[in-house]
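None of the figures in this text is laboratory data; all of them are computed from the coordinates on show. The structure presented is a predicted model; accordingly, all values stated were derived computationally and were not measured. Every residue, glycine among them, receives a Cβ derived from its backbone with ideal geometry; neighbour counts consider all protein chains shown.
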Amino acid sequence: MQRMAAMAALLQGVATAVACYSEQGQPSLRDALLSLRGGPYETIIVVPLVLPLEPGFLNWITRSLKRWQSEHPGGWPPIRISRDIAQSLHFEPLLGALINGASAEPAIPTDDPVKQEGSLVPAQKRRVLVCEGGACNAAGAHAIWGHLRNVQENRKLRTTGDGTMTAKATCLGPCNLAPVLQVFPEGTYYGGVTETAVDRIVEEHLLGGRVVEDFAYQPTGRKQRLRLVAKNSTSTGE
């Protein structure tokens, strides 16, 4: 990734190139964009190196960009997303070069005996499930997942406090509260989750044992909508 960013930085008209990750990995796309915000740039171009580049990917990236801009107003140059790399005229010769180059690589041995390995049973008492259903993905669950995993690594959540494991889940149910995550052992549902909400859930709930009521939704037996207080609490101001 760093090598590709260095190559991009040498292109004519490119002032700065940053390698970042749309899901888990650092710097995240959000952090990279925030670092460029306010800089002397006429425009920011996001080049997704994703195959296949599904429409859903562009949808949640677009929604996430709008949310990040609303949370950190001002100083944003226009942001554009490049076309699907698979649709580029240069993709076919690149694919051919990769296939031809594979013929020079050593073959993978298939007759080696399979070694049976053991696994440790996790000691963590907490679980965080991030919904990966259609509504949550469209609302930016991929970015939320990536942020949670980065925080988990930075804060050493697997071994801090009760210990926390994180996992993706299929639809958790309350689609109109997307993005949704659920914290166990309490089973607490959180809706309208943003990166700021994740930070608070980690600090107050996972480490402090206190439910973050601004984003929590209890099973009332009635349909619920996202509360305005949850949206307002994500605004950091500057």
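For the reader, a short list of remarks on this structure follows.
- Separation between Cα centres of the stretch 215-229 and the stretch 29-89, rounded to whole Å: 31
- Taking 4.7 Å between C-beta atoms as the pairing limit, the chain has these partnerless cysteines: C20, C171, C175.
- Values of log10 I(q)/I(0), in the order q = 0.12, 0.21 Å⁻¹, for the stretch 2-87 under a Debye, Cα-only, solvent-free model: -0.36, -1.18
- Rg over Rh, two decimals, the chain (C-alpha only, Kirkwood Rh): 1.03
- The charge dipole of the stretch 2-87, taken about its Cα centre with unit charges on the Cβ atoms of Lys, Arg (+1), Asp and Glu (-1) only, comes to about 100 debye.
- Sites S103 and E23 - FRET efficiency at Förster radius 30 Å, r taken between beta-carbons, to 0.05: 0.35
- Shown for the chain: lysine pairs separated by 8 or more places, or found on different chains, whose C-alpha atoms are under 22 Å apart, numbering 5.
- Extent along principal axes [Cα atoms of the stretch 126-232; Å; largest to smallest]: 37, 25, 25
- Projected-area average for the stretch 50-115 over all orientations - Cα convex hull basis, square nanometres: 9.1
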